[in-house]
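Worksheet: the structure to be examined is printed underneath.
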Amino acid sequence: MVLIGLISDTHDNLTTIDKAVELFNRKGVKLVVHAGDWCAPFAMLRFKELKCNLVGVYGNVDGEREKLKDRAVELGFKLNMFEEFNSDGLNGAVIHGVDERIVKALALSGLYGVLVRGHTHKVTLEKVGDCIIVNPGEACGYLTGRSTVAILNSETMEVEIVDL
């Protein structure tokens, strides 16, 4: 069993980023997946305290992409428009999710057991075909007033939503 931390839409909220990193370290997650909207490169630096790898994607408000990429390389993180990951035999992918047609097509592709997405700022968990689509909600808490992340158990495919 491997625990995977899921986070999205951090929007430079350093307080909630710090809380998420502390939670992921305390729970012993083996991988963190960030579904975009980091905003500024200085916020990514807060993830350097993670005791595991991080795979992430750009979101629609991430304007300083070259600086974000430089910071990701410096920290040893994977960052792109779209990323794949494999953890404990679970094939997964992450995309910010601006276009719902692409989200659905990826889920239906048969390539992934889990698809992590963000953008809507809403916690959602749905099964499309054989794929579970997880939106951990907004870590920043700016739109909904609720700061959330998720923890995925790769063996049971159970998703725990955690309020920060």
Checklist entry - Does the stretch 63-70 contain at least one residue that is in a helix (DSSP H, G or I), farther than 17 Å from S8 by Cβ and in contact (Cβ under 8 Å) with a residue 60 or more places away in the chain? => result no
Next on the checklist: Quick check on my filter: what residues within the stretch 133-164 are without any contact (Cβ under 8 Å) to a residue 12 or more places away in the chain and under 14 Å from the mean Cα position of the chain (by Cα)?
Outcome noted: E160
Next on the checklist: I'm checking my understanding of the structure. Among residues of the stretch 45-60 that are among the aliphatic types (A, V, I, L, M) and in a strand (DSSP E or B), which one is surrounded by the most Cβ atoms within 10 Å (Cβ to Cβ)?
Outcome noted: V57
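Across the stretch 1-20, what is the total count of residues that are over 14 Å from N53 (Cβ atoms) and assigned to a loop (DSSP other than H, G, I, E, B)? Walk me through it before giving the result.
Of the residues in the stretch 1-20, the ones over 14 Å from N53 (Cβ atoms) are 1, 8-20.
Checking the rest, the ones that are also assigned to a loop (DSSP other than H, G, I, E, B) come to 1, 8-13.
Qualifying residue count, the stretch 1-20: 7.
Residues of the stretch 99-123 being in a loop (DSSP other than H, G, I, E, B) and more than 17 Å from G59 (Cβ to Cβ), which ones?
We begin by selecting, within the stretch 99-123, every residue in a loop (DSSP other than H, G, I, E, B); these are 99, 109-113, 117-122.
Those that are in a loop (DSSP other than H, G, I, E, B) and more than 17 Å from G59 (Cβ to Cβ): S109, G110, L111, Y112, G113.
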Item to check | Residues that are touching a Lys or Arg at 6+ places or on another chain (Cβ under 9 Å) and part of a helix (DSSP H, G or I), drawn from the stretch 21-42 | outcome: V21, F24, N25, P41, F42
Checklist outcome for this item: Going through the stretch 130-164 in order, the residues found to be surrounded by 15 or more Cβ atoms within 10 Å (Cβ to Cβ) and at positive phi are G137, G141
Item to check | Members of the stretch 124-158 that are farther than 28 Å from T15 by Cα, part of a loop (DSSP other than H, G, I, E, B) and among the aliphatic types (A, V, I, L, M) | outcome: M157
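For L79, indicate whether it is in a strand (DSSP E or B), out of contact with any Phe, Trp or Tyr (no Cβ under 6 Å at 6 or more places or on another chain) and at pLDDT 95 or above. Before you say what the answer is, go through the steps one by one.
Working: in a strand (DSSP E or B): yes; out of contact with any Phe, Trp or Tyr (no Cβ under 6 Å at 6 or more places or on another chain): yes; at pLDDT 95 or above: yes.
Yes; evaluated as a whole, the condition is true for this residue.
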Next on the checklist: Residues to consider are G28, G92; find the one that is at pLDDT 95 or above and surrounded by fewer than 14 Cβ atoms within 10 Å (Cβ to Cβ).
Outcome noted: G28
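The values are calculated or read from the model by the stated rules, or taken from the named source; none is laboratory data. Because the structure is predicted, anything quoted here is derived from the model rather than measured. Backbone-built Cβ (ideal geometry, glycine too); neighbour counts: all protein chains shown.
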